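The values are calculated or read from the model by the stated rules, or taken from the named source; none is laboratory data. Since this is a predicted model, take the numbers as computed values, not measurements. For neighbour counting, all protein chains shown are included, and Cβ atoms are generated from backbone atoms with ideal geometry for every residue, glycine included. Keep in mind that these areas ignore ligands, DNA and RNA; they rest on the heavy atoms of the full protein, side chains included. Shrake-Rupley method; radii C 1.70, N 1.55, O 1.52, S 1.80 Å.
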Amino acid sequence: RVLLQGNPSDSIASGFGGHVMVRLNGTGRFSGVQSTYMGQTNVLARYPYHFHLMYDGGRNSFIRDCSCKNALFRCITVHGTYNVDVSRNVNFNTIGHSYYLEDGVEENNTFAYNLAVHTQIIGTPASGEPQAGVTVRQGPGLTQPSDIAASGFYVSNSMNSYIGNAASGGWAGFAFPNFYYPIGAHQSWQMDPSARPLKLWDGNTAHSAGYYWGASGNCIYIGGNLRHESPGGPLVYISGRKNRNTRWPFIPTDVPSNATWPGLG
């Protein structure tokens, strides 16, 4: 067994743990690794496992059969990377979104048979009337403002495969925020991530979500909008419902036409 561990005596209080980053021209293959007290709270690019700007180079990378416990900022992040295999992992007690697609350009990745348990929000949980929500801006204590609605699986671009995953807890189990254009390093890209169809959705489950949301809560939340206030400016998150075709990407072709899909927020 391989164990990656922050310093138990001070990592929790400081929010400062270790991190692993795989970058362009590299290959990351993790199997059977346990991590605890990893990541750095509210510090961008300091996540326990981070596939960073690899683009097509992610094709031969994977993280499988690993556990991530007491993570200080996310667990598994795919950022500007395609074709990574994220399978059979367990994330428990994570600060911020747990399985995370960062900028909205990440496509053709596979998330299969993963578990996210006890995902914790950062700051004050998103509340307000469900249609309007609240508006929060990026600041020193909130690097990514959508962490006020932290989810087990954060899907900023639907063109990925989700098979047999399970989420327990969090503001939402699975979150599909509306990115009308990418953020961060890719904010100049001319694309609308919210218009991308879901590549594959099969056998995913969620329960006990919405604990932090006084209004109702959702196991699957299709809503919210994250954007830059101005080009290169701070991020702004609106937690309320935003326009998107929330139906057709989620209906497979191999079920009866009269099938119903409860629980989609």
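Of the residues screened, ASN165 is not one that is open to solvent by less than 30 Å² (accessible area, probe 1.4 Å) and closer than 15 Å to THR77 by Cβ. Scanning the range 135-150 for residues that are open to solvent by less than 40 Å² (accessible area, probe 1.4 Å) and either outside any strand (DSSP E or B) or small (Gly, Ala, Ser) (or both) yields GLY139, THR143, GLN144, PRO145, SER146, ASP147, ILE148, ALA149, ALA150. Got at least one residue in the range 220-229 being modelled with pLDDT of 60 or more and exposed (fewer than 14 other Cβ atoms within 10 Å of the Cβ)? Scanning the range 220-229 turns up at least one residue that is modelled with pLDDT of 60 or more and exposed (fewer than 14 other Cβ atoms within 10 Å of the Cβ).
Taking the range 1-106 as the region of interest, the strands (runs of 3 or more DSSP E) fully inside it that hold 3 or more residues being open to solvent by less than 40 Å² (accessible area, probe 1.4 Å) are 33-36, 49-55, 67-71, 76-81, 85-87, 90-95, 99-101.
Restricted to the range 76-120, and to residues there that are small (Gly, Ala, Ser) and over 10 Å from the mean Cα position of the chain (by Cα), the residue that is nearest to ASN225 (Cα to Cα) is GLY104.
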